[in-house]
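So the structure is just underneath, and the comments pick up after that.
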Amino acid sequence: MADREFKRMGVLAAASRAFGVATLTLRLLRQSLRGEISIEEAKRKWSLEVFSLVGVHLKVVGKVSESRPTIFVGNHLSYLDIPLLMAQAPFVSFVAKVELARWPIFGRGMRVAGTIFVKRDSVQSRGEVKETLLRAIRDEKKSMAVFPSGTTRLTEDKEWKPGAFRLAQEAGVPVQAFRIRYAPLRKAAFIDDDGFVSHLFALCREGGVRAEIEFAPPELVTDYKASIAKWYAWSREGL
């Protein structure tokens, strides 16, 4: 009986923490919309509190570029990558698939945070996003974060898409590569048929994930193909 009770309490605690991620998102979203805190402050606070709720222990290697705008590019393993990067660079905006905009609460939060959504299978949408990104970078001096793999993967076993690097070369802004590691990897990774709610619940129940994000020095892109090859290879080192 005591063992079953202990397990039941563990399930309830995990459910409470998972629900806490949603209520945290809603609370900070409302505060930012009311002007009580800045969007950047809300993004940093949200990221750090999410890690506390979920049980992620963070290590940072290298420094985030102070140059703005900058395009951040790196490997993509999990939805945890978003707060991982945002905690260090709350000024960045993300490019994400349009399906995420429909997520309850989180979709609204992503829109308020300045996320640019794209239909991955639409050539017209990708073209429109490119123009939107160019305006945001050139006119608004916004820094952007792009996952060139286009989706989450356990390993970067597929070559990166060139869009972010072409954009950096065309706009004359630097890229800063980052690489992310988790241990245990499969516990943190969000891949294949993983469901968001069940995955988040499991993380909250088990916890104990170590996360590392490493930043390379920023670099201007003069040959986007060479830049892709260089940073793609770097992102795979030690993985």
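What follows is calculated from the coordinates using simple rules that are stated; it is not laboratory data. Quick caveat, the model's predicted, so the values are computed rather than measured. Using ideal geometry, Cβ is built from the backbone for each residue, glycine included, and neighbour counts are taken over all protein chains shown.
At-a-glance table
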{"item": "Ordering of 181-192, 61-72, 82-93 by burial proxy (mean other Cβ atoms within 10 Å per residue, highest first)", "result": "82-93, 61-72, 181-192"}
{"item": "Cβ-Cβ FRET estimate between I191 and W234, R0 fixed at 22 Å, reported to 0.05", "result": "0.50"}
{"item": "Ranking of D193, D81, D139 by count of other Cβ atoms within 10 Å, fewest first", "result": "D193, D139, D81"}
{"item": "Helical contribution to [θ] at 222 nm, DSSP H n ≥ 4, -39,500 (n - 2.57), averaged over the chain, rounded to 500", "result": "-15500 deg cm²/dmol"}
{"item": "Separation in nanometres of the label points that stand 7 Å from Cα toward Cβ, at A226 and V98", "result": "3.8 nm"}
{"item": "Derived scalar couplings ³J(HN,Hα) [the range 219-232; Karplus, 6.51 cos²θ - 1.76 cosθ + 1.60; whole Hz; x for Gly, Pro]", "result": "8, 6, 9, 10, 9, 4, 5, 5, 5, 4, 4, 5, 7, 5"}
{"item": "J(HN,Hα) series, the range 160-176, from Karplus relation 6.51 cos²θ - 1.76 cosθ + 1.60, nearest Hz, glycine and proline x", "result": "6, 6, x, x, 5, 6, 4, 4, 4, 5, 5, 7, x, 10, x, 9, 10"}
{"item": "Over the range 33-152, relative contact order from alpha-carbon pairs under 8 Å, at least 6 apart, %", "result": "36 percent"}
{"item": "Rounded, prolate or oblate (a/c below 1.5 giving rounded, otherwise prolate when a/b exceeds b/c) for the range 83-239 by Cα gyration tensor", "result": "oblate"}
{"item": "In Hz, Karplus ³J(HN,Hα) per residue of the range 17-26 (6.51, -1.76, 1.60; θ = phi - 60°; x = Gly, Pro)", "result": "5, 5, 5, x, 4, 5, 5, 4, 4, 5"}
{"item": "At R0 = 25 Å, FRET efficiency that the Cβ-Cβ distance of S38 and K161 yields, to 0.05", "result": "0.20"}
{"item": "Contact order relative to length of the chain, as percent, for alpha carbon pairs under 8 angstrom and 6 or more apart", "result": "29 percent"}
{"item": "Distant-in-sequence amide H partners of S143 (H built 1.01 Å from N, under 5 Å)", "result": "T70, S93"}
{"item": "Calculated FRET efficiency for the pair A13/K63, C-beta based, R₀ 30 Å, to 0.05", "result": "0.25"}
